[in-house]
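Where a number appears in this text, it was derived from the coordinates with a stated rule and is not lab data. Not measured: the values here are computed from a predicted model. Using ideal geometry, Cβ is built from the backbone for each residue, glycine included, and neighbour counts are taken over all protein chains shown.
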Amino acid sequence: MAPLRLFPLQRPAWLAPRRHCQLCDETTDHPRHDICTACEAELPWLGSHCQICALPLPAQGMICGACQKKPPAFARVEAPWRYAFPVDNLITRFKHQGQWPFGRLLGELLAEHLQHAYDEGLPRPQALLAVPLARRRERQRGFNQARMLADWLGRALQIPAPDDWLVRTQDTPAQQGLDAATRKRNLRQAFQVVDAAKIAGQHLALVDDVLTTGTTANTLARLLLRAGAERVDVYCLARTPPPGD
């Protein structure tokens, strides 16, 4: 008598758990993420922007006046969205209310945006570095949102995301709400490279949630270049529009 062969039972498609869009709560038809294609299409995609700092502009292929007048230390900013509804709300809920699934969703979509940019010719960095958070604020919040984004991006894109190359040495006041001059004074001597030998000759990408004036990113990029980095890019979820826009 032939031995009885057992086959694994396959769960019928109609019994498979349904995934829901995190924005509208409808059943999602997206093949990879917990967002429906309709909500994804309605996100505030960046569109035309400065080719260096990603500032929203009225036409594509331009460089904004600020970058022409004084080019920043970083080479390029990559961001999928303008800082507008509902992305601004999702970032706030992730960053200040600890609702990590929203941050994870945005991080996954950012990884797809970056992979597409690499396929189109954007140089791929050798490491991702999260913007360090002041220790006091990290204790209060319980996590560093930039660190979480860097970890998610690192796994999705298969790029190392070391957490010990940059440190914040001073608990400066929050940058939000400060003008550009005050932001610069606020960040003097605030960061430090731990081991310049690890950075020498490297193409690096800084990771943060939102780019506003770019002061923090520029300060860190300058620090990394002085330590021997070959190039520094900036990856973030959203870019704020020009004042008054």
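Numbers below:
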read-out: Trp100 versus Val167: modelled label distance in nm, points set 7 Å from Cα along the beta carbon direction; value: 2.5 nm
read-out: For the range 36-239, Kirkwood radius (reciprocal of mean inverse C-alpha pair distance, Å); value: 17.2 Å
read-out: Paramagnetic label zone (point 7 Å from Cα along Cα-to-C-beta, Glu42; backbone N under 11 Å) in the range 85-123; value: 86
read-out: Fewest-first sequence of Thr169, Thr28 by Cβ atoms within 10 Å of each Cβ; value: Thr169, Thr28
read-out: Residue-by-residue Karplus 3J(HN,Hα) for the range 146-158, coefficients 6.51, -1.76, 1.60, Hz, glycine and proline x; value: 5, 5, 5, 4, 4, 5, 5, 5, x, 5, 5, 9, 6
read-out: Per-pair calculated FRET efficiency, R0 = 22 Å: Phe85 and Gln140 via Cβ, rounded to 0.05; value: 0.25
read-out: Extension reserve of the Arg19-Arg226 stretch, reckoned as 0.36 nm per residue once the Cα distance is removed; value: 69.8 nm
read-out: P(r) weight above 17 Å for the range 13-103, C-alpha pairs, percent; value: 62 percent
read-out: Selection from Leu43, Met62, Ala73 lying farthest towards where the dipole of the range 36-239 points positive, charges on Cβ; value: Ala73
read-out: D (Stokes-Einstein, µm²/s), Kirkwood Cα radius, the range 103-158, 1.567 mPa s at 4 °C; value: 106 µm²/s
